[in-house]
Amino acid sequence: MSSILLKAAPNRWLTLTTVALAQLMVVLDSTVVNIALPSAQADLGFSNGDRQWIVTAYSLAFGSLLLLGGRISDLIGRKRAFIIGLIGFALASALGGAAPSFGLLVGARALQGAFGALLAPTALAVLTTTFTIPKERARAFGIFGALAGAGGAIGLLLGGLLTQDLNWRWNLYINVAIAVVAIIGAVAFVPSVLRTGDRPKLDVPGTLLVSGALFFLVYGFSNAYTDGWGAADSWGMLIASGVLLIAFVLWLRRAPHPLLHLSVILDRNRGAAYSSILLSAIGMFAIFLFVTYYLQTTLHYTPIQTGISFLPMIGMLVIAAQLGTNLLVPRFGPKILVPIGMLMAAGGMVWLTNLGVDSTYAANLLPPLMILGFGMGTIMPASMQTATLGVDRQYAGVASALVNTSQQVGGSIGTALLNTLAASAATAYVASHVPATPAILAAAAVHSYATAYWWGAGAFALGAVLAALLFRRRSQGLSLSHAPVPAAANTPAKANEAEPVLAH
């Protein structure tokens, strides 16, 4: 590395503040809307079967377009991509806040996800190239990661406060204010970096194939609720997803400028890490969605009380993540920690299945939430660090984007699939308990949540098995840091690759 690269960038800490603010907005938006969802449903009148699209539209667009967002950032420049992402996210948020119908709200959420997919990898790239001195870079990424992790708790609190004291629409309007501040900071402090080397090219066929595969995958799960699991449309979409995914892999093997190099994911440790992140996201998104509904519709909590109720879980997650990052991961490695975290989370999900209409927060809900938080905090640091271990610098950005993609795809699948299973369970419960009195309807809702918790526990249990089998022993895993993925001869090195950071 040249001495020019090691020179400290001016205003770098103000750049960090700007980038962290943008990342906070993206992370916050994944939880702030969950708190507002019951109020939005009552206002716009959409069904239980449709409600997951408010979450899924955002996460699907975000997850499926992340790799493209990183490539666009390379193509047009980081500062320009960062500002475009902020402006687009703000406009989409304003559109969603003013949405008079369910369809327009879903469309606005999808636009938020698309611009978020440009914003998130660009923010990481700006941070990476701004902080070139190793000690300062470690400090900057530590601050950035801590703020990203706290974004979930901030979103829960802010979502409850805005929904209760103002209106659910302010959960979207708040992004406009945050984005304006971040845009001013970006114009003033984010450096413009001159491009060196060949201009990267967009992999349009690869982008279309993988985006189509992810769309049909989630849409197929969602369609199963309205048309049934035996419907031709449901299975047709899932089959189409599989075909497109296979075509995407085949295309990557021959593409001159592939969206993703297979060498990044074919490593055993990295494959295990991405699988662990995806499966844990399925359970994590189910917790936020169904526990939110349980607190507000069954226990009759206000939105702000609902947000506060999640704080102990977030606190345990932060504590476990700090222990893992600083103490446990270096000592034991992912092969030990990830299965333990998965089993803890599975146990917490099973505990949630015991909730009833007469349960209390302190005695029945708080203990499993804390266990789930500690389990997730044990899973994520080991998985995220391993996800980029041994990757050559020119592919570090792709590997980091895949961490976000795994989370968002897992969240999309989990939200759609578990909501479908829960809604079907509620319908079956009411059909077998006639007449449908208010007490029966309340019991049906709790029963539907329990069904989702059981499936979430199954996802964590599967994650424990896969992690135990796939992760290499610690000594083998560490050797990867000295065996980077070889660069493809026909792919230009990327100048602004990002390092792994805890992201939403």
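Tell me which residues, restricted to the stretch 174-199, are modelled with pLDDT of 60 or more and over 25 Å from the mean Cα position of the chain (by Cα). Break it down stepwise before answering.
We begin by selecting, within the stretch 174-199, every residue modelled with pLDDT of 60 or more; these are 174-193, 198-199.
Listed by number, the residues that qualify are Ile184, Gly185, Val187, Ala188, Phe189, Val190, Pro191, Ser192, Val193, Asp198, Arg199.
Okay, residues lined up against (1) crowded, with 23+ Cβ neighbours inside 10 Å; (2) in a helix (DSSP H, G or I):
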{"site": "Leu24", "(1), (2)": "no, yes"}
{"site": "Asp29", "(1), (2)": "yes, yes"}
{"site": "Asn34", "(1), (2)": "yes, yes"}
{"site": "Asn48", "(1), (2)": "no, no"}
{"site": "Val55", "(1), (2)": "yes, yes"}
{"site": "Ala61", "(1), (2)": "yes, yes"}
{"site": "Ala81", "(1), (2)": "yes, yes"}
Within the stretch 462-483, considering residues that are surrounded by fewer than 15 Cβ atoms within 10 Å (Cβ to Cβ) and in a loop (DSSP other than H, G, I, E, B), the one modelled with the highest pLDDT: Arg473
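Being part of a helix (DSSP H, G or I), surrounded by fewer than 24 Cβ atoms within 10 Å (Cβ to Cβ), modelled with pLDDT of 80 or more and on the phi < 0 side of the Ramachandran plot is true for just one of Leu91, Leu75, Leu5. Which residue is that?
Working: Leu75 fails: modelled with pLDDT of 80 or more; Leu5 fails: modelled with pLDDT of 80 or more.
It is Leu91.
From the residues in the stretch 145-168 that are within 22 Å of Ala81 (Cβ to Cβ) and surrounded by fewer than 23 Cβ atoms within 10 Å (Cβ to Cβ), which one is modelled with the highest pLDDT? It would help to see each step written out before you state the result.
Here is the first cut: in the stretch 145-168, the residues within 22 Å of Ala81 (Cβ to Cβ) are 145, 147-148, 151.
Subset that is surrounded by fewer than 23 Cβ atoms within 10 Å (Cβ to Cβ): 145, 147-148.
Numbers: Gly145: 57, Leu147: 62, Ala148: 58.
The qualifying residue modelled with the highest pLDDT is Leu147.
Taking the residues in the stretch 36-46 that are in contact (Cβ under 8 Å) with a residue 40 or more places away in the chain and not in a loop (DSSP other than H, G, I, E, B) as candidates, determine which candidate is nearest to Gly159 (Cα to Cα). Reasoning before the result, please.
First, pick out the residues of the stretch 36-46 that are in contact (Cβ under 8 Å) with a residue 40 or more places away in the chain: 36-40, 43-46.
From what is left, the residues that are not in a loop (DSSP other than H, G, I, E, B) are 36-40, 43-44.
On the way: Ala36: 6, Leu37: 10, Pro38: 12, Ser39: 11, Ala40: 12, Asp43: 16, Leu44: 18 Å.
Selected residue: Ala36.
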Some residue of the stretch 135-144 being modelled with pLDDT of 75 or more, closer than 25 Å to Gln322 by Cα, among the aliphatic types (A, V, I, L, M) and part of a helix (DSSP H, G or I): no
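Give me a count of the residues in the stretch 251-303 that are aromatic (Phe, Trp, Tyr), at pLDDT 85 or above and either within 30 Å of Leu469 (Cα to Cα) or in contact with a strand residue (DSSP E or B) (Cβ under 6 Å, 6 or more places away or on another chain) (or both).
Kept after step one, since they are aromatic (Phe, Trp, Tyr), are these residues of the stretch 251-303: 251, 274, 285, 288, 290, 293-294, 301.
Filter once more, keeping what is at pLDDT 85 or above: 251, 274, 290, 293-294, 301.
Adding the requirement that they be either within 30 Å of Leu469 (Cα to Cα) or in contact with a strand residue (DSSP E or B) (Cβ under 6 Å, 6 or more places away or on another chain) (or both) leaves 251, 274.
Total satisfying the criteria: 2.
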Residues of the stretch 52-105 that turn out to be closer than 19 Å to Ala179 by Cβ and hydroxyl-bearing (Ser, Thr, Tyr), as a count: 3
Single match in Thr325, Thr306, Thr302, Thr292 (criterion: over 25 Å from Thr163 (Cα atoms) and hydroxyl-bearing (Ser, Thr, Tyr)): Thr325
From the options Ala498, Ala459, Ala443, residue that is under 23 Å from the mean Cα position of the chain (by Cα), in a helix (DSSP H, G or I) and either at pLDDT 85 or above or crowded, with 18+ Cβ neighbours inside 10 Å (or both): Ala459
Hits in the stretch 438-453 (condition: touching a Phe, Trp or Tyr at 6+ places or on another chain (Cβ under 6 Å) and among the aliphatic types (A, V, I, L, M)): Ala444, Ala452
Single condition Gln296 does not satisfy, out of (1) touching a helix residue (DSSP H, G or I) at 6+ places or on another chain (Cβ under 6 Å); (2) outside any helix (DSSP H, G or I): (2)
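Yes/no matrix, rows are residues, columns are (1) surrounded by fewer than 19 Cβ atoms within 10 Å (Cβ to Cβ); (2) touching a residue at least 40 places away in the same chain (Cβ under 8 Å):
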{"residue": "Ile239", "(1), (2)": "yes, no"}
{"residue": "Leu250", "(1), (2)": "yes, no"}
{"residue": "Leu259", "(1), (2)": "no, yes"}
{"residue": "Gly271", "(1), (2)": "yes, yes"}
{"residue": "Ser276", "(1), (2)": "no, yes"}
{"residue": "Leu279", "(1), (2)": "no, yes"}
{"residue": "Gly283", "(1), (2)": "no, yes"}
{"residue": "Tyr294", "(1), (2)": "no, yes"}
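The values are calculated or read from the model by the stated rules, or taken from the named source; none is laboratory data. What you are looking at is a predicted structure, and each value in this text was computed from that prediction instead of being measured. Here Cβ is always computed from backbone atoms with ideal geometry, including for glycine, and neighbour counts include all displayed protein chains.
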